[in-house]
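Take a look at the structure set out below.
We did not get these values from a lab; they are worked out from the coordinates using the rules stated. Just so it is clear, the structure is predicted and the values come from calculations on it, not from any experiment. Reconstructed Cβ throughout: ideal geometry from the backbone, glycine too, with neighbour counts over all protein chains shown.
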């Protein structure tokens with residue numbers, strides 16, 4: 001019998017979005033909002049959030065883009081249930097639906113009603129710590145969200161390629177020191193790569209990289225001006241506040 005989990009309800013995007021999430025284990029943060037802000041989308045399209053957790057990124061995207069249909073895919077059933085309740089809480093359940101599925105198994109996706117080459121946008125924040133090389137949390141929810149098995153990024157990108165239409169767009173967030181890995185894994189199926197780095201402050205090395213790629217796309221890599229979260233005094237920058245509180249898009253999404 002599963003034990004009940006304690007839940008908090010937290011304000012996002014300056015209170016325009018409210019999300020219920022576990023008090024312990026993985027909790028969403030800036031990465032989810034940055035991912036949503038880096039994802040360009042239009043009304044009438046269908047976007048899929050892989051590894052959606054409680055739905056932070058996908059719901060932030062749906063809140064920004066009217067008439068966008070969003071599917072939240074999450075392997076943890078309890079998190080998927082919270083994602084569904086968050087869609088209802090924010091009155092987005094008419095066009096946002098959560099699915100408890102394993103995004104790495106095509107049979108799981110097809111059983112949930114998904115088909116190859118039918119999705120306009122995919123966004124994802126895959127687990128990026130290598131469980132073999134780093135100490136990972138003993139909490140199973142946090143471990144599942146942060147620690148991936150070898151080859152996980154390749155498998156998730158393959159799922160995105162399977163889901164997306166030709167010229168469909170994938171957006172992902174990843175540790176900045178792994179950019180070469182990201183570009184290498186994207187190369188077989190994707191092109192027209194766009195990259196935007198996220199810095200903790202203007203003179204510090206990047207901590208995250210946002211990548212946008214087009215299935216079967218062509219063209220050279222486009223690098224966008226980095227986003228600095230804080231200024232040299234440790235105060236949030238206006239640009240970061242516009243995204244994290246104001247819900248504005250990043251320049252990588254404005255194409």
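Is the C-alpha gyration tensor of region 7-253 telling us rounded, prolate or oblate? Criteria: a/c under 1.5 is rounded; beyond that, a/b larger than b/c is prolate, otherwise oblate.
Rounded, because the longest to shortest axis ratio a/c is under 1.5.
Show me the ranking of peptides 68-75, 99-106, 198-205 by mean Cβ neighbours inside 10 Å, starting with the highest.
So the order, starting with the most tightly packed, is 68-75, 99-106, 198-205.
Arranged from highest to lowest average of other beta-carbon atoms within 10 Å per residue, in what order do the peptides 214-220, 166-172 appear?
166-172, 214-220
Just 65, 195, 209 to compare: in a GNM of the chain, with alpha carbon springs under 10 Å, which one fluctuates most?
Its mean-square fluctuation being the largest, the pick is 65.
What length, rounded to one decimal in nm, is gained on full extension from residue 181 through to residue 241, with 0.36 nm per residue of separation minus their alpha-carbon distance?
Contour length minus the Cα-Cα distance gives 18.6 nm.
Could you work out the helix-only [θ] at 222 nm for the chain, with each DSSP H run of four or more residues adding -39,500 (n - 2.57) and the total divided by the number of residues, to the nearest 500 deg cm²/dmol?
Roughly -7500 deg cm²/dmol at 222 nm, from the helical runs in the chain.
Give the separation of the Cα centroids, region 147-198 to region 214-237, in Å.
Measuring centre to centre over Cα atoms gives 16 Å.
Going by a ≥ b ≥ c, the root eigenvalues of the Cα gyration tensor, does region 71-128 fall in the rounded group (a/c under 1.5), the prolate group (a/b larger than b/c) or the oblate group?
It comes out prolate by the Cα gyration axes.
Would you please classify the overall shape of region 4-117 from the alpha carbon gyration tensor, given that a ≥ b ≥ c denote the square roots of the eigenvalues, rounded means a/c under 1.5, and beyond that prolate means a/b larger than b/c while oblate covers the rest?
oblate
Which of 60, 107, 160 moves the most in a Gaussian network model of the chain with Cα springs under 10 Å?
Looking only at 60, 107, 160, the biggest GNM fluctuation is shown by 107.
Which residue, 180, 242, 49, has the most motion in a Gaussian network model of the chain that connects Cα atoms within less than 10 Å?
The residue with the greatest mean-square fluctuation here is 180.
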